[in-house]
Amino acid sequence: MQTIHRNPNVMWREETDALAQVQEALDRGDEVEETGTSVLFSGGTMISLNYLGTEIWKLCDGRTMDGIVAELLPQFEVDEAVLREDVQAFLDELAAKGFISYAE
Amino acid sequence: MQSNMVLEAPLTINWAINNSCNFACRHCYSRGDTHEELPRDVLLACLEKVAKAGVFSVNFGGGEPLLHPGLLEIARHASGLGLRVSMNSNGWLMDREMAAALRDAGFTKVGISIDSHVHEVHDRFRGVAGSHGRAVAALGHLAEAGITTSISTVICRINHTAIDDLVAFARDQGVGQLNFHNFKCSGLGLSHKDELDLSPEEWKEFYRGALAAREREKGLDISLDDPIIALLGARDAGSLVKGSVCGKLSLNIKANGDMTPCGFIPVVIGNIVRDDLKQVWRDSAVLEKMRNKKPTGKCSGCSKYEDCLGGCSARALALTGDLNSPDPHCWA
Ligand code: SF4
Ligand code: SF4
């Protein structure tokens, strides 16, 4: 089983004010895709993630892809196949940047 | 799932924990600064504030951090709070035991200032005979202790044509990173400007050479912290934002707790003892101005403005009184 791990050298944090805003927006049913709620920094690269990205990032703690999708599915109203595809693409991007790694 | 955002707190803080120094460098920016230092307990509490605000790393400077009697305790406290700890030192007081103690206190990176590959030149510039030799020895002790090392070189009249020698020297010393700092014109740097600073043409030549070296040298990270290199079509790999990082990713704290946008801008925007870091970061009018620079003079209409944002605000402010002025080093 392939598991997914955050690179321990990545420094990261959630931005509390932005997160609070996003939660309010979600309650109202607004779009939150464009709002960053976390920032990740490693080896001179900084990226900021939106709410969904951050939730995925936080689940990269040795779980499998199935584990991550299972955790997210009840939280986001999306089709499982679509979610899986999105998560996979996102993780591949993080892996390419060295922010996560896959292990067997 | 990536997005843009305004950070709620700096990622990194440059912290001058003291202002004492055993050297007399001709370009030093902090000699005119306060000698008032925060008491131990207050400093430790301030580190807690900083960690709580979400700051990732602190880089100690000064002054010479090794002259601070509480350095190890401070670093231990900071790393215990989850902060990454690094520092810049002149290396004079570094021996084997100190390097090991620094590692045990949580230091992962230490930069040593070396201004020339020629020891006489460095010693004369730093005002202390034998300082080059001890700086080189310091790099060895640190590496032996397992701490990542870098060399920091302030580019000025004594070294600007010696790029290849400086690179070869850094390679010989086995450091992973070579930081070419641009000359800042603050503090003593301003008093000695005429003697040390380069002309815009000379800066252009220097950056041409430095960028070529950076291209060429594999396994040695040559960092150029000057936004003006946008003029040569280059972006520093380390530059995460447009223009310079000051007020956008990093903040400077002085020995007495005063916060300034960067070590080279003498404008106090708050005090870490008294003020809320996130609030200052969000509301400071000076930071706001640095984040939203406006082109003036030749910057209006410059095709590089979007990347360069007028260059280094500290230099513009020091020499013209307005941080929106074009960087005095600009050769455009
Ligand atoms: S004119 Fe202004 S924006 Fe253009 S390169 Fe010079 S300092 Fe930068
Ligand atoms: S103002 Fe100049 S010296 Fe200060 S951080 Fe910005 S570029 Fe660097």
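The values are calculated or read from the model by the stated rules, or taken from the named source; none is laboratory data. Predicted model only: the values in this text are computed from it and were never measured. Please note: Cβ atoms are built from the backbone with ideal geometry, for glycine as well, and neighbour counts cover all protein chains shown.
Across the stretch B:300-310, what is the number of residues that are of a type outside the set (D, E, K, R) and touching a Gly at 6+ places or on another chain (Cβ under 8 Å)?
The total comes to 3.
Among residues belonging to the stretch A:1-21 that are over 23 Å from B:Leu81 (Cα atoms) and over 16 Å from the mean Cα position of the chain (by Cα), point out the one that is farthest from the other protein chains (Cβ to nearest Cβ).
A:Met1
Just checking, which of B:Leu224, B:Leu231 is within 14 Å of chain A (Cβ to nearest Cβ), touching a Phe, Trp or Tyr at 6+ places or on another chain (Cβ under 9 Å), over 22 Å from A:Glu15 (Cα atoms) and within 16 Å of ligand 1 (Cβ to nearest atom)?
Of B:Leu224, B:Leu231, the one residue that is within 14 Å of chain A (Cβ to nearest Cβ), touching a Phe, Trp or Tyr at 6+ places or on another chain (Cβ under 9 Å), over 22 Å from A:Glu15 (Cα atoms) and within 16 Å of ligand 1 (Cβ to nearest atom) is B:Leu224.
Looking at B:Gly133 and the list (1) surrounded by fewer than 17 Cβ atoms within 10 Å (Cβ to Cβ); (2) modelled with pLDDT under 95; (3) away from chain A (no Cβ under 14 Å), which single condition is not satisfied?
Exception for B:Gly133: condition (2).
Does the stretch A:22-39 hold any residues that are more than 9 Å from every other protein chain (Cβ to nearest Cβ) and either touching a helix residue (DSSP H, G or I) at 6+ places or on another chain (Cβ under 7 Å) or not hydrophobic (A, V, I, L, M, F, W, C) (or both), and which are they?
A:Val22, A:Gln23, A:Glu24, A:Asp27, A:Arg28, A:Gly29, A:Asp30, A:Glu31, A:Val32
Here's the yes/no breakdown for (1) free of Cβ contacts under 8 Å to residues at least 40 places away in the same chain; (2) among the hydrophobic types (A, V, I, L, M, F, W, C):
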position: B:Asn271; (1), (2): yes, no
position: B:Leu277; (1), (2): no, yes
position: B:Lys293; (1), (2): no, no
position: B:Gly297; (1), (2): yes, no
position: B:Lys304; (1), (2): no, no
position: B:Gly310; (1), (2): no, no
position: B:Asp322; (1), (2): yes, no
position: B:Pro328; (1), (2): no, no
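Just to verify a result, which residue in the stretch B:240-250, among those that are near ligand 2 (Cβ under 10 Å from one of its atoms) and among the aliphatic types (A, V, I, L, M), is nearest to B:Lys294 (Cα to Cα)?
B:Val245
Only one of (1) at the interface with chain B (Cβ under 9 Å from one of its Cβ atoms); (2) within 30 Å of B:Ile222 (Cα to Cα); (3) of a type outside the set (Lys, Arg) fails for A:Ala96. Which number is that?
(1)
Hey, among B:Thr108, B:Thr161, which residue is under 23 Å from B:Ala78 (Cα atoms) and among the hydroxyl-bearing types (Ser, Thr, Tyr)?
B:Thr108
Taking into account only those residues within the stretch B:295-332 that are aliphatic (A, V, I, L, M) and over 18 Å from B:Gly233 (Cβ atoms), which is surrounded by the fewest Cβ atoms within 10 Å (Cβ to Cβ)?
Checked the stretch B:295-332; the qualifying residue surrounded by the fewest Cβ atoms within 10 Å (Cβ to Cβ) is B:Leu319.
Name the single residue, out of those in the stretch A:41-55 being assigned to a strand (DSSP E or B) and more than 7 Å from every other protein chain (Cβ to nearest Cβ), that is farthest from B:Leu83 (Cα to Cα).
So, considering only residues that are assigned to a strand (DSSP E or B) and more than 7 Å from every other protein chain (Cβ to nearest Cβ), the one farthest from B:Leu83 (Cα to Cα) is A:Thr45.
Quick test for you: out of A:Glu55, A:Glu31, pick the one residue that is among the charged types (D, E, K, R), touching an Asp or Glu at 6+ places or on another chain (Cβ under 9 Å) and either surrounded by fewer than 18 Cβ atoms within 10 Å (Cβ to Cβ) or without any contact (Cβ under 8 Å) to a residue 40 or more places away in the chain (or both).
A:Glu55
Among (1) in contact with a Pro (Cβ under 7 Å, 6 or more places away or on another chain); (2) on the phi > 0 side of the Ramachandran plot, there is one condition B:Met87 misses while meeting the rest; what is its number?
Evaluating B:Met87 over (1) in contact with a Pro (Cβ under 7 Å, 6 or more places away or on another chain); (2) on the phi > 0 side of the Ramachandran plot leaves (2) as the failure.
Hey, can you tell me all the residues within the stretch B:273-332 that are charged (D, E, K, R), more than 11 Å from ligand 2 (Cβ to nearest atom) and closer than 28 Å to B:Gly54 by Cα?
B:Arg274, B:Asp275, B:Asp276, B:Lys278, B:Arg282, B:Asp283, B:Glu288, B:Lys289, B:Arg291, B:Asp307
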